[in-house]
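The values are calculated or read from the model by the stated rules, or taken from the named source; none is laboratory data. Small disclaimer: the values here were computed from a predicted structure and weren't measured. FYI the Cβ positions are ideal-geometry reconstructions off the backbone, even for glycines, and counts take in every protein chain you see.
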Amino acid sequence: MIVSNLRLYYKWLKLWLLNGRDPLDLPRYPPRSPELKFLMEWCGVPDTPAFHRLLEKESQGYVGLPNYTYLDSDAPVGVKYAGPNRIDKLLAIKDVVRDQLVAGQRTAKSSATGLGQLLLPNTRIYYPDGPAGIGDPRNELIGMWRYIVDRYGNAEAALAFHDAKHFY
């Protein structure tokens, strides 16, 4: 146990030095990246190709990313978009959307957010901190994994469902 913890701490320190910031608090964990693999190990989530593919399909690894249906609703007042693409627009409003969802307000067709694009009711069930965990990479990763296990049993079955239905 001590050796395992030391190995994990060493990985954390190495990533901190490489990125210049805490690897447990990044704005993005790209699928198959060393940062995501570290976060998965830290949170006890199995590292499988299917999980990485689901993450890629759902959020591209962006923490707190609001569902695309927020682009169909009115943008929050005072929000300036950082760039021309859809991801930039969603990232520009993610903090406002998070605050609305934590307060129980849904202002778009879907309340899905985060790494696994869980709906607000599912964040209450699967995130360790409930809706307050929206925007926290550990809550979002653990919540995504708990949802997958509860609904499908494993990431491979969830990916097969996603491939067939285009959602999971």
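Quick notes
- Tallying residues that are among the aromatic types (F, W, Y), at pLDDT 95 or above and over 16 Å from I134 (Cβ atoms) within region 31-65 yields 1.
- Inter-residue pairs, beta-carbon under 8 Å, first more than 15 Å from V45 (Cβ to Cβ) and in region 147-168, second at pLDDT 95 or above and of a type in the set (V, I, T), 6+ apart: Y168/I148
- Exactly one residue out of A112, A164, A160 is buried (at least 17 other Cβ atoms within 10 Å of the Cβ) and farther than 23 Å from E35 by Cα: that is A112.
- A103 being at pLDDT 90 or above and surrounded by fewer than 13 Cβ atoms within 10 Å (Cβ to Cβ): yes
- Hey, R7 in a loop (DSSP other than H, G, I, E, B), over 30 Å from A108 (Cα atoms) and not small (G, A, S) or not: no
- Residues (touching a residue at least 40 places away in the same chain (Cβ under 8 Å) and either in contact with a strand residue (DSSP E or B) (Cβ under 9 Å, 6 or more places away or on another chain) or closer than 14 Å to L55 by Cα (or both)) located in region 119-137: I134, G135, P137
- All positions within region 32-63 that are assigned to a loop (DSSP other than H, G, I, E, B), more than 11 Å from the chain's Cα centre (by Cα) and not polar (S, T, N, Q): R32, G44, V45, P46, D47
- Once region 4-62 is narrowed to residues that are farther than 20 Å from M144 by Cβ and among the small types (G, A, S), the residue that is surrounded by the fewest Cβ atoms within 10 Å (Cβ to Cβ) is G20.
- Exclusive hit being at pLDDT 90 or above and of a type in the set (S, T, Y), set Y68, Y152: Y152
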